[in-house]
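K.L.:
Take a look at this one; I'll ask things after.
The values are calculated or read from the model by the stated rules, or taken from the named source; none is laboratory data. Treat the numbers as computed from the prediction; the structure is a model and nothing was measured. Don't worry about glycine lacking a Cβ; one is built from the backbone with ideal geometry, like all the others, and counts go over all protein chains shown. The accessibility values were calculated without ligands, DNA or RNA, using every heavy atom of the protein model including side chains. Shrake-Rupley method; radii C 1.70, N 1.55, O 1.52, S 1.80 Å.
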Amino acid sequence: MDARARPAWPNGAECAVSLTFDDGMESQLSRAVPLMNRLGLRGTFYLNTPGDAWRERLEPWKAVVQAGHEAGNHTCSHYCGRSAMGRDFGLENITLEQMERDILECERRLGEVLGARPRSFCYPCYDHHVGEGAERQSYVPLVAKHFGCGRGKFNGTHHLNYPAVCDLAHVGSHACERMGGHELLGLCARAADQGAWTVLTFHGILEGHISVNEVDFRELCEHLARHPKRYWVAPVVEVAAFVRAWRGQAVKSNS
Ligand SMILES: [Zn+2]
C-alpha cells in the first residue's frame, strides 16, 4: 500500500483527530469533559492507578466512560526515565517483566471499576524503554502484545500518523502544553491536508506546570465540532481499530 494512502474516514471526514489527556487530572474532569460533552466530542483519558486509593481515584471517571470517552491505561506506577523525573529510581531500574506486571495490574484495576473493554495504552513521560546502556530494551513489543494501540510522542521529524504505515503500538502525538488556539488548529489542519491521523496530548487545562489555557482549548474544540466533515474526532482505541480494519488486519482486543 502507498505510504500516503488515505482511508475513507468515517462521516466523510478528511482526517482523524484524537484528543488525549494524561494522568487523570482534576481540570480534565471539571473543564475538558463538560466542554467536550456539550460539543459532542469524545476523547481518550489515560489514567494511572497507583497505591491503595485507586478505586476512589477511578470513581469519577465512570461517568466519563459512560459518556463515550475512552479510559486508557497509563500504568499503575508511572515509571519514567530517571532524568525525566530527577529521581534515582525509574525505568532504568526495572525489567520488562516488572513493566508488564505494572501494566496488567493497571488493566485489572481499570476493568474492575470502569468495565473490561478494549482500550489503548499511553507511555508515561513518552519513554518507551526499560533498563539502561547495554541492557536497555524497548517495551513497545510488550504494548503490542497487550493493546491495539500505544500512544507515544512525535519526534522532531515526524508530525503525523500516516494510517498505511504508522506503528500502532507507538503512534505519535503532539505535546500541546502552552500552545495557543491557532497552533492547535494548525496541527489539525495539517492532518486534514494529508488525510492522516493526528493525536494531541494535554495534561492540565489551566492546572499544573504543563497546562494549556482554557480559551485556547475551547477554540480548538469548537472548531473541531463545527467541522465534522473535515475532522473525525474519536478516541485513540477507535481510530486504531478503524485503521487496522482498513489495512485488513484483525482488530486486537486487550489480552
Ligand atoms: Zn503521565
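The rows are residues; the columns are (1) free of Cβ contacts under 8 Å to residues at least 40 places away in the same chain; (2) assigned to a loop (DSSP other than H, G, I, E, B); (3) within 16 Å of the ligand (Cβ to nearest atom); (4) in contact with a Ser or Thr (Cβ under 7 Å, 6 or more places away or on another chain).
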{"site": "Phe89", "(1), (2), (3), (4)": "yes, yes, no, no"}
{"site": "Gln98", "(1), (2), (3), (4)": "yes, no, no, no"}
{"site": "Asp102", "(1), (2), (3), (4)": "yes, no, yes, yes"}
{"site": "Phe154", "(1), (2), (3), (4)": "yes, yes, no, yes"}
{"site": "Pro163", "(1), (2), (3), (4)": "no, yes, no, no"}
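K.L.:
With more than 14 Å from the ligand (Cβ to nearest atom), modelled with pLDDT of 95 or more and surrounded by fewer than 21 Cβ atoms within 10 Å (Cβ to Cβ) as the only criterion, which of Arg109, Arg119 stands out?
P.N.:
One residue alone meets the criteria, Arg109.
K.L.:
Given (1) of a type outside the set (Ser, Thr, Tyr); (2) farther than 27 Å from Leu142 by Cα; (3) buried (at least 23 other Cβ atoms within 10 Å of the Cβ), where does Gly12 come up short, assuming only one miss?
P.N.:
For Gly12, the exception is condition (3).
K.L.:
Please count how many residues of region 82-106 are out of contact with any strand residue (DSSP E or B) (no Cβ under 8 Å at 6 or more places or on another chain) and open to solvent by less than 50 Å² (accessible area, probe 1.4 Å). Give the steps one after another, and end with the answer.
P.N.:
As a first pass, look at region 82-106 and keep what is out of contact with any strand residue (DSSP E or B) (no Cβ under 8 Å at 6 or more places or on another chain): 82-90, 93, 97, 100-102, 104-105.
Filter once more, so that each one left must be open to solvent by less than 50 Å² (accessible area, probe 1.4 Å): 90, 100, 102.
So the count comes out to 3.
K.L.:
Additional query: Is region 70-80 home to any residue that is touching a residue at least 40 places away in the same chain (Cβ under 8 Å), among the acidic types (Asp, Glu) and within 18 Å of Phe121 (Cα to Cα)?
P.N.:
yes
K.L.:
What residue, among those in region 44-64 that are part of a loop (DSSP other than H, G, I, E, B) and away from the ligand (no atom under 16 Å from the Cβ), is surrounded by the most Cβ atoms within 10 Å (Cβ to Cβ)?
P.N.:
Looking at residues that are part of a loop (DSSP other than H, G, I, E, B) and away from the ligand (no atom under 16 Å from the Cβ), I get Pro60.
K.L.:
Among the candidates Leu19, Leu41, single out the residue that is in a strand (DSSP E or B), touching a Leu at 6+ places or on another chain (Cβ under 7 Å), open to solvent by less than 40 Å² (accessible area, probe 1.4 Å) and in contact (Cβ under 8 Å) with a residue 24 or more places away in the chain. Write out each step before concluding.
P.N.:
On the way: Leu41 fails: in a strand (DSSP E or B).
The conditions single out Leu19.
K.L.:
Sticking with this one: What number of residues within region 209-235 are open to solvent by 60 Å² or more (accessible area, probe 1.4 Å) and not in a helix (DSSP H, G or I)?
P.N.:
6
K.L.:
Tell me, which residue of region 122-135 that is in contact (Cβ under 8 Å) with a residue 24 or more places away in the chain and open to solvent by 40 Å² or more (accessible area, probe 1.4 Å) is farthest from Val237 (Cα to Cα)?
P.N.:
Glu132
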